[in-house]
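Student: Dropping a structure here in structure tokens format, bear with me for questions.
The values are calculated or read from the model by the stated rules, or taken from the named source; none is laboratory data. Computed from a predicted structure; not experimentally measured. Because the Cβ atoms are built from the backbone with ideal geometry, glycine has one as well, and the counts that use them run over all protein chains shown. With ligands, DNA and RNA removed, areas are computed over all heavy atoms of the protein, side chains included. Shrake-Rupley method; radii C 1.70, N 1.55, O 1.52, S 1.80 Å.
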Amino acid sequence: MSITILGIESSCDDTSAAVITDGLLRSNVIASQKVHEQFGGVVPELASRAHQQNILPVVSEALRQAGVDKSELNAIAFTRGPGLLGSLLVGTSFAKGMAIGLGIPLVDVNHLHGHVLSHFIRETEEQEVPEFPYLCLLISGGNSQLILVKSPFEMEMLGSTIDDAAGEAFDKCAKVMGLPYPGGPQIDRLAAEGDPLAFRFAKPHILGFDYSFSGLKTSFLYTVRDNLKLDPDFIAKRKADLAASLQKTIIDILLDKLGKVLDEYDIKQVAIGGGVSANSGVRAAVEEFCRRRNLRAWIPKRAFTTDNAAMVAIAGYFKYQKGEYCRLDLPPYSRTTIS
């Protein structure tokens, strides 16, 4: 008997719904919110209001594209956290109401698990997926983590950031340069035109497998500030070189810890996930890193790097098969860890 799951994602500023049948993706609809660009970051109240406007048409469109009637759904999977509480409440309330109305199970998904399991989203029967165990480098605006993935239900966090995440470093440094929000894609575009060795920024010396990016941000800020004193047009003249050097430094930091983990663990497959895994430099560097070490690299399709309901649906699909359902009285949560 086929299993069809509707996934709902509303953890931040993207409203998304997706339909998966027996692990195969049938639709993945995302409504983004442009209203935050003028503020240079996500405004939680505006985000939750936009989710209320978007969620019904997004879910309806996902079902339409999938060619699925709501009566054919076996369960509804939704992001319960972490994320912005106001945004999560919209998705949680909608998912609960729809599950009650249809009389089907509700499956709650940890947003971070969704990113880690995004490599199991299949668009064709022949598409390959990772074998367990594998190492996942989860990099986004809020997280920089090294995770040993033993199964869809067993994940061990080996290292994480002790302060800022890689995505935050991209965005905050882009803001220093006066680039529009979100800054990460702007840095990616400029870096392709610049010299990655033009500037040297501070790299942390943190014990173990943990990350730190606060020192890098400070180093970048001081470099820009000091050079602006000498030349008011410094940023305009060296924008591409600043972006390329910043990107290289972040990649070096990420790969340094990745290498340390692989030196201690016998792992043959490495995956990346999260918003920063869309960065061209990161993707190329991880592929080359794995090629040199004779490892299998799993690089996600860009559509599955940012927040999307397909990853929620596939994570929910695994939980549904195991019979792990969500009680209707459980509230969303803003913070959590991978395990």
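Student: Return one whole number: the accessible area per residue of the chain in Å², for a 1.4 Å probe.
Tutor: Heavy-atom SASA per residue in the chain reads 44 Å².
Student: Using just the helices of the chain, give the 222 nm mean residue ellipticity in deg cm²/dmol: DSSP H runs with n ≥ 4 each add -39,500 (n - 2.57), and the total is spread over all residues, rounded to 500.
Tutor: My calculation for the chain gives -14000 deg cm²/dmol from helical runs alone.
Student: Given the Cα atoms of the chain, and with Rh set as the inverse mean 1/r over their pairs in the Kirkwood sense, what is Rg to Rh to two decimals?
Tutor: 0.99
Student: Also: Nearest 0.05, what FRET efficiency do Arg293 and Ile3 give at R0 = 35 Å with Cβ-Cβ as r?
Tutor: 0.40
Student: Largest first, what is the accessible-area ranking of His115, His205 with a 1.4 Å probe?
Tutor: Heavy-atom accessible area, descending, gives His205, His115.
Student: Suppose R0 equals 56 Å; then what is the FRET efficiency for Glu128 and Lys237 from their Cβ-Cβ distance, rounded to the nearest 0.05?
Tutor: Working from the Cβ atoms, E equals 0.75.
Student: Moving to a separate point now. Kindly rank 310-321, 88-99 from highest to lowest mean number of other beta carbons found within 10 Å of each residue.
Tutor: Averaged packing, sorted descending, gives the order 310-321, 88-99.
Student: Assigning unit charges at the beta carbon (Lys, Arg +1; Asp, Glu -1) and nothing else, what dipole magnitude in debye, to the nearest 20, does the chain show about its Cα centre?
Tutor: It comes to approximately 380 debye.
Student: Something else now. Per the Kirkwood definition applied to all pairs of different Cα atoms, how many angstroms is the hydrodynamic radius of the stretch 251-303?
Tutor: That comes to 11.3 Å for the stretch 251-303.
Student: Of all accessible surface on the stretch 12-131 at a 1.4 Å probe, what whole percent is carbon and sulfur?
Tutor: The value for the stretch 12-131 is 50 percent carbon and sulfur by accessible area.
Student: A further question follows. Note down the accessible area of Glu154, probe 1.4 Å, to the nearest 10 Å².
Tutor: For Glu154, solvent-accessible area is about 100 Å².
Student: Counting residues in the stretch 49-133 as N, plug N into 2.2 N^0.38 Å and put the Cα Rg over that result.
Tutor: That works out to 1.22 for the stretch 49-133.
Student: May I ask for the net charge around Gln269, where only other residues with Cβ less than 9 Å from the Cβ of Gln269 are counted and Lys, Arg are +1 while Asp, Glu are -1?
Tutor: +1
Student: Roughly how many percent of the accessible protein surface of the stretch 145-271 is carbon and sulfur, given a 1.4 Å probe and a whole-percent answer?
Tutor: Carbon plus sulfur share of accessible area: 52 percent.
Student: Counting just the Cα atoms, what span does the stretch 72-199 cover along each of its three principal axes? Round to the nearest Å and put the largest first.
Tutor: 60, 36, 32
Student: Any chance you could check the Cα centroid distance between the stretch 161-209 and the stretch 105-129 for me, in angstrom?
Tutor: 28 Å
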